[in-house]
Amino acid sequence: MLPVDDIEMIRRAYYVEHKSIRAISQEQRHHRRVVREAISGASPPPRRYRQRTPRARPLLDPVTPMIDAWLEADREAPRKQRHTAKRVYDRLVAEHDYAGKERAVREYVQRWKKEQHGAALGFLPLAYAPGAEAQCDWGDALVRIAGVDRKAALFCIRLAYSLKPFVCAFPAARQECFFAGHEAAFALWGGVPHRITYDNLTSAVQKVLEGRSRTEQDAFVAFRGHHLFASHFCLPGQEGAHEKECVSCCTSMACFRGTLGRVCSTHRHQVRQRGHPPPDGGRCPAGLRRWRVGGRRSPPPCAPRTPCACALRRANTRSNRRRRAGAALCARS
């Protein structure tokens, strides 16, 4: 079964980098039939097996503390004198009679550098290209549904170039509502931005690592690979408080206006989505038509993806299954 990470890499290589199916099959070592299925956008079935413990490396594990010490000492060394993966392998063979493969050393060094050097300092752009950036966040507001005050979760996303916002109310800030808000915003805009900035919200991030490295949710990786946008996560704490200033203002204003706002509904658990028409007559904002102009390949523009959570459930002796409370509620809204 193909993981969602590999599906995203295949779709990005085909649609964005314009590589052929044969080249993708040779580079990523997948059968061409599997590559075609990933390109077509077929959703993978739920995983029946997940590796919980890492595989044993009898040849590499005894020398990993030494590799870590070498790479840690390279932080103070000049750039031209630092260890490469090839240099690490040569030293292991010459000094410690390492009998393993060079590929294992290369993969370990690459993984170490990605984890340790993920917190690269940079600058915050203040001017954005059309369609290049969007910022997303959740907010809370007190709304009135059929005369009853309820707390609603506001999904807020805003384009950084045109400052065009989109606000949608949901009963809860679940992952299904998170995806449904994206689908509604993409449908209103008529396109998908190139990159979306997020806070470290649990709908997309499973674990926060050092720097900007994240362990992402599999469902979010599949959703991102379907629409082929890049994700950017803010630094935790006060260091990343200024990285999504566009949507922070939108969230505060939406929460202020949504407090005790009247929301009409035919169902007592359903909150109506309100999308204001754009002032330019309903046209797609600038820069979002990247799948409609240019390029020799183009997937269906803003092809919708069903915002649902897939999970395996085992029935008991009474043929009953346990499901998460409120999951169907959020999926309907």
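State yes or no: is E243 in a loop (DSSP other than H, G, I, E, B), modelled with pLDDT of 50 or more and more than 30 Å from A38 (Cβ to Cβ)? Steps first, answer last, please.
Numbers: in a loop (DSSP other than H, G, I, E, B): yes; modelled with pLDDT of 50 or more: yes; more than 30 Å from A38 (Cβ to Cβ): yes.
Against the criterion (in a loop (DSSP other than H, G, I, E, B), modelled with pLDDT of 50 or more and more than 30 Å from A38 (Cβ to Cβ)), E243 qualifies.
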Margin query: Considering only region 221-231, I want to know if a residue exists there that is buried (at least 19 other Cβ atoms within 10 Å of the Cβ), of a type in the set (G, A, S), part of a loop (DSSP other than H, G, I, E, B) and in contact (Cβ under 8 Å) with a residue 12 or more places away in the chain.
Written below: no
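The values are calculated or read from the model by the stated rules, or taken from the named source; none is laboratory data. Bear in mind the structure is a predicted one, so any value in this text is a computation, not a measurement. Cβ: placed from backbone, ideal geometry, glycine included. Neighbour counts: every protein chain shown.
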